[in-house]
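Structure record follows, encoded as structure tokens.
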Amino acid sequence: MKEVIKIEGGHPLKGEVMISGAKNATVALIPAAILANGPVTICGVPNISDVQSLSVLLKELGVFVLVKGNDHIVIDPTEMKNIALDHPAVSKLRASYYFMGALLGKYKEVRMKMPGGCYLGPRPIDLHLKGFEALGAKVDYEKGYYNIKAERLVGTKIFLDISSVGATINIMMAAVYAEGRTTIENAAKEPEIIDVATLLNKMGAKIRGAGTNVIKIDGVKELSGCFHEIIPDRIEAGTFLIMAAAAAEEMTISNIIPQHLESLIAKLQEMGVDMDVDVDSVTIRGRKPLRGVDIKTLPYPGFATDLQQPLTALMTQAEGESKVIETIYPERFKNCIELQRMGADAEIGTASCTIKGKTPLYGDVVTATDLRCGAALVIAGLIAEGVTTIQEVYHIDRGYCDLDGKLSRLGAKIWREQAE
Ligand code: EPU
């Protein structure tokens, strides 16, 4: 029996939604916590299945994990053991690769299976591994396992060919206990990187420059437990901004950092979306006539690749032509194939897609082929005529906390059913 999400379109959204803690920060903060020698309490943890998978891996390693209340997690690695990570949870998510940097940093040795995650085309981890090697580790890949081992980890200068989020965070974690100074050049600047550096610094690490393209890490000998609150999820927030533009009478998206969403807010304004931006919230009066726009995905602060898929659903409701150029994951357009089923006029090109609007959308049976494709289909379902059935909803549950609950409270007709 597989679960599907069903949405009856056409019910206007109204009210306020509180955004949860950032998934892509959380999935790095949890592995980072094992670098401490005492309990780390993280609050604002979103209730998503990626967190459950990481908790399974922590328990495999003998780490004490306690979930407190709605959104607190206590991670105590005092009794942990550095065993090989080959649990099926490793391949359930991409971010299991953060255990490479964390375990290498702490024990100078790690053995684990290949990480998984959404299929968005090839997602190599060569830059992570080159970073570990530059710090003094030897990397072998044999019979499905990465074996990464160092006699000593020694700080050095590492230039990333691509400003990779994952490689920046992984190298930062491997370098916190290294001897001397590690400098990461052409580092990624995403807000989630600042959040991980903040946690590590609270634990006692010496990391400067996170959020710029040069990060300097001075190795320390001891890291201790601490308390940390996760930043709001800019991708969940962006998804709700797009939903509001598509389907809300008036909706406030709260507990956000609007600065993290500048590239999306600018595009929505260019499309003609009526909004007020406040200090920690945005209010949108949606369902207004929209104009087509062009976007090109880029590393932060450019337009986030994770938001281009949800935006394609809104583009179907804009007059004229919209074009998406994808520079991070050229194959990230499965959502357009699903949207076509619902009536979209979408043409996929090389690392790009063109959407002509405005076209009505009709409920159909569609598949969430990956997390953000799922978000795009939920948005399409909210505006479509009739009922949309979304399959493979586990992708959505990996990254959106209580999506159905939040939408129901805003007035959407959304429910789950068990399908044969
Ligand atoms: N890349 C390499 N070699 C590497 C690492 C990356 O060639 O060793 C390439 C990738 O193939 C891609 C580009 O560099 O073309 C950027 O990839 P990056 O490493 O920045 O991505 P990531 O760390 O694997 C994170 C998020 C993704 C998000 C990207 C880009 C997590 C767990 N994942 O992935 O989030 O799309 O950054 O911002 O933080 C999502 O949330 O739906 C999602 C996929």
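Measuring nothing but alpha carbons in segment 23-229 and taking Rh as the Kirkwood radius, the Rg to Rh ratio lands at 0.92. The GluC sites (Glu not before Pro) of segment 132-223 that DSSP puts in a loop, and whose beta carbon has at most 12 other beta carbons within 10 Å, are Glu151, Glu222. Fewest neighbouring Cβ atoms within 10 Å first, the residues Cys43, Cys336, Cys373, Cys226 line up as Cys43, Cys226, Cys336, Cys373. Within segment 31-127, the trypsin sites (Lys or Arg not before Pro) that combine a DSSP coil assignment with at most 15 other C-beta atoms in a 10 angstrom radius are Lys81. Annotation: Cα Rg of segment 273-420 relative to the compact-globule expectation 2.2 N^0.38 Å equals 1.03. Ordered by the number of other Cβ atoms lying within 10 Å of each residue's own Cβ, fewest first, Leu129, Leu66, Leu311 fall into the sequence Leu66, Leu129, Leu311.
Max-minus-min Cα coordinates of the chain on each principal axis give 62, 45, 39 Å, with the largest extent listed first. Label positions at Gln269 and Glu319, each projected 7 Å from the Cα along the C-beta direction, are separated by 2.2 nm. Legend: residue pairs Lys92/Lys130; Lys288/Lys323; Lys23/Lys149; Lys216/Lys334, Cα-Cα distance threshold 32 Å; pairs beyond threshold, Lys216/Lys334.
With the convex hull of its Cα atoms as the shape, segment 12-54 has an orientation-averaged projected area of 4.0 nm².
In this rough spin-label picture, where each label sits 7 Å from Cα along the Cβ direction, the Val56-Asn255 distance is 2.6 nm. When the GluC sites (Glu not before Pro) in segment 1-104 are filtered for DSSP coil states and for at most 14 other beta-carbon atoms within 10 Å of their beta-carbon, the remaining sites are Glu79. Listed by chain and number, the aspartates and glutamates whose C-alpha is less than 16 Å from the C-alpha of Lys206, apart from same-chain residues fewer than 8 away, are Glu179, Asp195, Asp218, Glu222. Note: relative contact order over the chain, using C-alpha pairs below 8 Å and six or more positions apart, is 21 percent.
Filter the chain for me: DSSP H helices, axial length by Cα at least 18 angstrom, mean Kyte-Doolittle hydropathy not below 0.5. List them by residue number. Length and hydropathy pass: 191-203, 234-247, 371-383. With both labels modelled 7 Å from their Cα along Cα-to-Cβ, the His72 to Thr327 distance reads 4.4 nm. Per residue, the chain reaches -9500 deg cm²/dmol at 222 nm when only DSSP H runs of four or more residues are counted, each adding -39500 (n - 2.57).
Where a number appears in this text, it was derived from the coordinates with a stated rule and is not lab data. Note that the structure is predicted; figures quoted are calculated from it, not measured. With ideal geometry, Cβ positions are generated from the backbone for all residues, glycine too; neighbour counts draw on all protein chains shown.
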